[in-house]
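Engineer: What follows is a single structure, and I will ask about it in a moment.
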Amino acid sequence: MNAQAAVAPAPVTSMLRLQVSAVIDETADARSLLFEVPEALRERFIYQPGQFLGFRVTLGGKRLTRCYSMSSSPWTDTHLKVTVKRVEGGRVSNWMNQQVQVGDWLEVLPPAGHFCLDQQQAADSRRPLVLFGGGSGITPVFSLLKAALHSGERPVLLVYANRDEASVIFRDELRQLARAHAEQLQVVHVLDSVQGFLDATQVRQLVRHWRDGEYFICGPGPFMDTVESTLLALGEARERIHVERFVSPPDPHSEGPPVDVETDCELLLVELDGVTHEIVPGPGQTLLQSCRAAGLEVPFSCEEGFCGACMCTVEEGQAKLARNDVLSAAELEAGWTLACQGRPEGSRVRLKFPG
Ligand SMILES: Cc1cc2nc3c(=O)[nH]c(=O)nc-3n(C[C@H](O)[C@H](O)[C@H](O)COP(=O)(O)OP(=O)(O)OC[C@H]3O[C@@H](n4cnc5c(N)ncnc54)[C@H](O)[C@@H]3O)c2cc1C
Ligand code: FES
């Protein structure tokens with residue numbers, strides 16, 4: 001048990017710098033950036049397949065934070081790699097595609113995110129792994145796929161949706177993997193230009209031999225909604241359906257809804273890695289600030305309420321969110337909150353971070 005006196009909120013970001021070691025033009029509008037992690041930072045950049053990095057760049061006088069998932073897998077790739085697809089009118093994605101060069105140093109937040117498999121899950125052959133990637137959503141899914149093929153015999157289905165053939169990122173690598181793991185991996189391409197947008201009937205058809213699986217979905221909003229709702233309607237368990245939403249945060253000058261910083265919380269109980277810590281939250285502190293001030297290494301990345309790295313559940317009492325661009329109504333209903341945006345409400349609040 002840890003006890004902590006109230007202290008003033010402190011900035012908690014731990015920003016690091018990595019140098020771009022290579023650039024790969026994947027398609028006309030997507031590019032991979034590779035980073036060589038120096039020995040001194042190796043430990044900070046240990047990551048799980050499916051996790052992302054946060055990047056901070058200053059463009060047009062604004063400091064913008066964006067997350068990009070690793071398309072590399074820690075168990076098969078020596079370099080750390082992110083893949084960025086240009087968004088029309090998007091600032092950072094176009095800057096990454098047009099301006100960043102080999103040798104540049106970028107400000108990076110350490111790996112974060114829950115859209116991942118651990119090594120044991122990856123090797124678990126009892127459940128099929130069913131991956132749905134749409135457009136740039138292939139990046140974390142590709143990392144998961146490579147990790148699963150590397151770690152065990154588990155059957156893997158990838159359903160990969162794109163506008164047209166020219167927009168398919170990692171097409172050649174996927175072809176090679178499908179050939180090398182013909183018994184284990186099935187790749188199904190869905191092209192808007194040929195089949196139209198993926199609909200519920202197609203999803204049902206695609207998963208008919210892949211039921212009772214572990215599902216990972218990442219892509220455009222309507223694509224994700226279609227897949228998720230169809231799987232739920234088929235009776236698949238919510239806890240086996242993992243989603244990652246690719247969103248940008250609001251610009252730094254735009255304030256979130258006003259927050260009443262007074263708190264009546266006297267005791268914050270935080271369950272982390274199976275241990276419960278007792279914390280006295282400081283006035284106005286977010287849940288994340290209280291945890292960090294108490295020396296707890298809880299997960300976080302953007303600190304702006306859009307990446308989901310700091311997701312945890314409120315097991316007792318309540319937390320009031322200042323901003324939320326990531327949690328769905330169902331997740332809020334199930335008790336999830338964002339530690340970086342939540343402030344405790346009620347004299348005693350208990351949080352649990354996923355293991
Ligand atoms: C966890 C996570 C992982 C991600 N991983 C990846 C990944 O691996 N690969 C990838 O490509 N992306 C990924 N993303 C998405 C990425 O972080 C960015 O959201 C994306 O690149 C767009 O950023 P941008 O700065 O280019 O666009 P922004 O500048 O944020 O613009 C986004 C959209 O808003 C419009 N817009 C911009 N400014 C304004 C304005 N002032 N008023 C109105 N509209 C405006 C733009 O035209 C554009 O359509 C991820 C996101 C998250 C949260
Ligand atoms: S750290 Fe990104 S949502 Fe909290």
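Engineer: Just one of the numbered conditions (1) away from ligand 1 (no atom under 16 Å from the Cβ); (2) more than 25 Å from Phe45 (Cβ to Cβ) is not true of Asp325; which one?
Structural biologist: Here Asp325 clears every test but (1).
Engineer: Would you check if there is a residue in region 44-60 being away from ligand 1 (no atom under 13 Å from the Cβ) and surrounded by fewer than 11 Cβ atoms within 10 Å (Cβ to Cβ)?
Structural biologist: no
Engineer: Looking at (1) more than 10 Å from ligand 2 (Cβ to nearest atom); (2) touching a strand residue (DSSP E or B) at 6+ places or on another chain (Cβ under 8 Å); (3) not in a loop (DSSP other than H, G, I, E, B), can you tell me which one Thr337 breaks?
Structural biologist: Among (1) more than 10 Å from ligand 2 (Cβ to nearest atom); (2) touching a strand residue (DSSP E or B) at 6+ places or on another chain (Cβ under 8 Å); (3) not in a loop (DSSP other than H, G, I, E, B), Thr337 violates only (1).
Engineer: Is there any pair linking a residue in region 34-63 that is within 21 Å of Ile24 (Cα to Cα) to one that is hydroxyl-bearing (Ser, Thr, Tyr) and away from ligand 1 (no atom under 12 Å from the Cβ), with Cβ under 7 Å and at least six apart or on different chains, and which?
Structural biologist: Sorted first by the residue in region 34-63, then by its partner, the pairs are Leu34/Ser21; Phe35/Ser21; Glu36/Ser21; Pro49/Ser73.
Engineer: Is it fair to say Gly256 is modelled with pLDDT of 85 or more and either within 15 Å of Arg350 (Cα to Cα) or not in a strand (DSSP E or B) (or both)?
Structural biologist: Details: modelled with pLDDT of 85 or more: no; either within 15 Å of Arg350 (Cα to Cα) or not in a strand (DSSP E or B) (or both): yes.
The answer is no for Gly256.
Engineer: So, one more: I'd like the full set of residues that are in a loop (DSSP other than H, G, I, E, B) and within 16 Å of Phe115 (Cβ to Cβ), limited to region 68-103.
Structural biologist: Here is the first cut: in region 68-103, the ones in a loop (DSSP other than H, G, I, E, B) are 71-79, 86-90, 99-103.
Ser71, Ser72, Ser73, Pro74, listed by residue number.
Engineer: Right, another one. When the residues of region 286-299 are narrowed to those that are out of contact with any strand residue (DSSP E or B) (no Cβ under 7 Å at 6 or more places or on another chain) and touching a residue at least 60 places away in the same chain (Cβ under 8 Å), which ends up farthest from ligand 2 (Cβ to nearest atom)? Working first, answer last.
Structural biologist: Going through region 286-299, the residues out of contact with any strand residue (DSSP E or B) (no Cβ under 7 Å at 6 or more places or on another chain) turn out to be 288-289, 292-293, 295, 297.
If we keep only those that are touching a residue at least 60 places away in the same chain (Cβ under 8 Å) as well, we get 288-289, 292-293, 295.
Numbers: Leu288: 7, Gln289: 11, Arg292: 11, Ala293: 16, Gly295: 18 Å.
So the residue we want is Gly295.
Engineer: Could you list, in sequence order, all residues of region 95-113 that are under 14 Å from Val82 (Cβ atoms) and modelled with pLDDT of 95 or more? Talk me through it step by step, then tell me what you get.
Structural biologist: At the first step, the residues of region 95-113 found to be under 14 Å from Val82 (Cβ atoms) are 95-97, 100, 104, 106-113.
Within region 95-113, Trp95, Met96, Asn97, Val100, Asp104, Leu106 qualify.
Engineer: Here's another thing I want to ask about it. For region 305-330: of the residues being at pLDDT below 85 and crowded, with 17+ Cβ neighbours inside 10 Å, which is farthest from ligand 2 (Cβ to nearest atom)? Spell out how you get there, then give the answer.
Structural biologist: In the first step, residues of region 305-330 are kept if they are at pLDDT below 85; the result is 306, 325-326, 328-330.
Adding the requirement that they be crowded, with 17+ Cβ neighbours inside 10 Å leaves 306, 325-326.
Values: Phe306: 6, Asp325: 8, Val326: 6 Å.
Only one residue fits best here, namely Asp325.
Engineer: Further, regarding this structure: When the residues of region 228-245 are filtered to those that are surrounded by 13 or more Cβ atoms within 10 Å (Cβ to Cβ) and assigned to a loop (DSSP other than H, G, I, E, B), which remaining residue is farthest from the chain's Cα centre (by Cα)?
Structural biologist: The extreme case among them is Leu234.
Engineer: Related question: Of everything in region 259-289 that's modelled with pLDDT under 80 and surrounded by fewer than 19 Cβ atoms within 10 Å (Cβ to Cβ), which residue is farthest from ligand 1 (Cβ to nearest atom)?
Structural biologist: Taking region 259-289 as the starting set, the residues that turn out to be modelled with pLDDT under 80 are 259-263.
In the following step, the residues that additionally are surrounded by fewer than 19 Cβ atoms within 10 Å (Cβ to Cβ) were identified as 259-262.
On the way: Val259: 22, Asp260: 28, Val261: 27, Glu262: 31 Å.
Going through the qualifying residues, I end up with Glu262.
Engineer: Being of a type in the set (Lys, Arg), at pLDDT below 95 and under 25 Å from Pro250 (Cβ atoms) is true for just one of Arg66, Arg86, Arg44, Arg91. Which residue is that?
Structural biologist: Working: Arg86 fails: at pLDDT below 95; Arg44 fails: under 25 Å from Pro250 (Cβ atoms); Arg91 fails: at pLDDT below 95.
Only one candidate qualifies: Arg66.
The values are calculated or read from the model by the stated rules, or taken from the named source; none is laboratory data. Model, not experiment: these values are computed from the prediction. Note: ideal-geometry Cβ built from the backbone for every residue, glycine included; neighbour counts use all protein chains shown.
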